[in-house]
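A short write-up of the structure that comes next.
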Amino acid sequence: VKPSELVSASLERISATDDKVKAYLHVNGEQALQAAQEMDDNIPSDAGLLFGIPGALKDNMNTKGIPTTCASKILQNYVSAYDGTVVQKVRAAGAISVGKTNMDEFAMGSSGENSAFFPTRNPWDLERVPGGSSAGSAATVAAGQVLFSLGSDTGGSIRQPAAFTGVVGLKPTYGLVSRFGLVAFASSLDQIGPFTRTVEDNAIVLQAIAGHDPYDSTSANVSIPNYLEALTGDVKGLRIGLPKEYFDEGLDPAVREQVEKAIKTLEGLGAVFGEVSLPHSKYAVATYYLIAPAEASSNLARFDGVRYGVRAEADNLVEMYKKTRGEGFGEEVKRRIMLGTYALSSGYYDAYYLKAQQARTLIKQDFDNVFADYDIILSPTVPTTAFKFGEKADDPITMYLNDIYTIPVNLAGIPALSVPCGLANGLPVGLQLIGKAFDESTLLRVAHAFE
Ligand code: GLN
């Protein structure tokens, strides 16, 4: 098949299904088709596996000439002057982006309901959320509109929607994938990663986006393994830790059942299980909701009506700032800015921000301790299956607790993926595999053997 046929098929599927799913904020169909047609006649002899493959980008990744709104009113007219590193990298690998996907505003949320424009629906049940914040990136792959998409994960925003929509989602080790051109939410936690239908596809996309970038000072200078070669199917003797705190009362029994079935399958393949403890994980959500908003309050200070996006009419500068930010940001974004500003205030800094950093270290040390004896850690990705629209929307704390099993991983900076492991009440369940820093290969190998 030619690239243009693949892109046409993708665009047809989008027009047939996206009025229901609403995965896209922007579809650049003509431009994608044109790029594909140019590739049709110039297929290089060494074309890689992504050559001519249609994909999609979360709308917090800068794309030259194509809007980047972060699903926020404050950026609704913003067009970046450059392509982010991952955007350049997938293009260099031959992939073709067909559009920008919907998300919770500035990646703050777990349901997609915080988009300033419209919610994305879960293809499995249109009455339910697809998860968030990478709502559209998960839904578009689940709906068969594209073969892969990129999302970002600060506290679970790739893994949780992957679990809710029955696709594979990987959050790489902090520093493996460049953040240059990713609109920053919480810079010490954000990572870009792939959504795909299969683990093999995930390995292919990760291969294309991983690697050192001089434009991102937190990018790691490590050698990148061949992720496809890691998919040997062999998990014999692999030691897998089951953290008892991630199988607590909060876990939906129907989700637990599917995860336990997955454990049996892996046992059958020769993996060895043991119970482990991550005692400080219970502080992870509280720690995250100090650190992430603190960083967000600083990162979002740049949206002031002067340099980017929408500017409100006002008589003087201070009024202009207030009106622009007051009208431009949604409720959840304002809540985070206020939380973060408070946590960083003098007099409160030691009590909140500094304490949170100390707790973060303890959370990370728990993982180090377990990895002294185990190769990976296995848990459910989310305590529940996809919930209905509005179910958690007016209770931020309940919404925040949906990320209880994913947030500790970001605080520790380590990689984790979610792979589908069955259905509960007719809805997909995700299995989370957590690995040592820069050991994505083992995660992919286990997920592939299991899949
Ligand atoms: N749901 C979490 C939040 O609202 C995580 C979001 C994310 O990973 N970007 O902050």
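Filtered by the rule that a residue be more than 11 Å from the ligand (Cβ to nearest atom) and at pLDDT 95 or above, the range 393-414 gives Tyr405, Pro408, Leu411, Ala412, Gly413, Ile414.
Considering (1) touching a Pro at 6+ places or on another chain (Cβ under 9 Å); (2) more than 16 Å from the ligand (Cβ to nearest atom); (3) under 27 Å from Tyr308 (Cβ atoms); (4) charged (D, E, K, R), the lone condition that Asp153 does not fulfil carries the number (2). Within the range 325-336, the set of residues being away from the ligand (no atom under 11 Å from the Cβ) and surrounded by fewer than 21 Cβ atoms within 10 Å (Cβ to Cβ) comprises Arg325, Gly326, Glu327, Gly330, Glu331, Lys334.
A single entry from Lys323, Lys364 fulfils the requirement of being closer than 30 Å to Leu238 by Cβ, touching a Gly at 6+ places or on another chain (Cβ under 9 Å) and not in a loop (DSSP other than H, G, I, E, B): Lys364.
Residue-wise test of (1) at negative phi; (2) in contact with a Gly (Cβ under 6 Å, 6 or more places away or on another chain).
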{"residue": "Gly65", "(1), (2)": "no, no"}
{"residue": "Ile74", "(1), (2)": "yes, yes"}
{"residue": "Ala81", "(1), (2)": "yes, no"}
{"residue": "Asp125", "(1), (2)": "yes, no"}
{"residue": "Ser133", "(1), (2)": "yes, yes"}
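Condition (residue is within 15 Å of the ligand (Cβ to nearest atom), aliphatic (A, V, I, L, M), under 17 Å from Asn402 (Cα atoms) and modelled with pLDDT of 95 or more) applied to the range 112-129: is it met by at least one residue? Yes, because at least one residue in the range 112-129 is within 15 Å of the ligand (Cβ to nearest atom), aliphatic (A, V, I, L, M), under 17 Å from Asn402 (Cα atoms) and modelled with pLDDT of 95 or more.
Does Leu6 satisfy the criteria of being closer than 13 Å to Gly94 by Cβ and either part of a strand (DSSP E or B) or among the hydrophobic types (A, V, I, L, M, F, W, C) (or both)?
yes
For the range 209-246, a residue qualifies if it is surrounded by 15 or more Cβ atoms within 10 Å (Cβ to Cβ) and of a type in the set (Gly, Ala, Ser), and the qualifying residues are Ala210, Gly211, Ser219, Ala220, Ala230, Gly241. There is no residue in the range 23-30 that is under 24 Å from the mean Cα position of the chain (by Cα), at negative phi, small (Gly, Ala, Ser) and part of a strand (DSSP E or B).
Of all residues in the range 396-450, those that are over 21 Å from Ala254 (Cβ atoms) and either without any contact (Cβ under 8 Å) to a residue 60 or more places away in the chain or of a type outside the set (Val, Ile, Thr) (or both) total 24.
Of note, Val382 satisfies the criterion of being closer than 17 Å to Ala284 by Cβ and in contact with a helix residue (DSSP H, G or I) (Cβ under 6 Å, 6 or more places away or on another chain).
Residue-by-condition table, conditions (1) away from the ligand (no atom under 16 Å from the Cβ); (2) among the small types (Gly, Ala, Ser):
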site: Met61; (1), (2): no, no
site: Ala81; (1), (2): yes, yes
site: Val87; (1), (2): yes, no
site: Gly94; (1), (2): yes, yes
site: Ser97; (1), (2): yes, yes
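For the residues Ala393, Ala386, the requirement of being in contact (Cβ under 8 Å) with a residue 60 or more places away in the chain, surrounded by fewer than 24 Cβ atoms within 10 Å (Cβ to Cβ) and part of a loop (DSSP other than H, G, I, E, B) singles out Ala393. Answer yes or no as to whether Asp315 is more than 16 Å from the ligand (Cβ to nearest atom) and more than 22 Å from Leu182 (Cα to Cα). Yes, satisfied. Any chance the range 363-383 includes a residue that's of a type in the set (Phe, Trp, Tyr), within 16 Å of the ligand (Cβ to nearest atom) and surrounded by 16 or more Cβ atoms within 10 Å (Cβ to Cβ)? So far as the range 363-383 goes, no, none of its residues is of a type in the set (Phe, Trp, Tyr), within 16 Å of the ligand (Cβ to nearest atom) and surrounded by 16 or more Cβ atoms within 10 Å (Cβ to Cβ).
Scan the range 299-310 and tell me whether some residue there is within 14 Å of the ligand (Cβ to nearest atom), in contact with a helix residue (DSSP H, G or I) (Cβ under 8 Å, 6 or more places away or on another chain) and in a helix (DSSP H, G or I). Yes, there is a match, as at least one residue in the range 299-310 is within 14 Å of the ligand (Cβ to nearest atom), in contact with a helix residue (DSSP H, G or I) (Cβ under 8 Å, 6 or more places away or on another chain) and in a helix (DSSP H, G or I).
The values are calculated or read from the model by the stated rules, or taken from the named source; none is laboratory data. No experiment lies behind these values; they were computed from the predicted model shown. Note: ideal-geometry Cβ built from the backbone for every residue, glycine included; neighbour counts use all protein chains shown.
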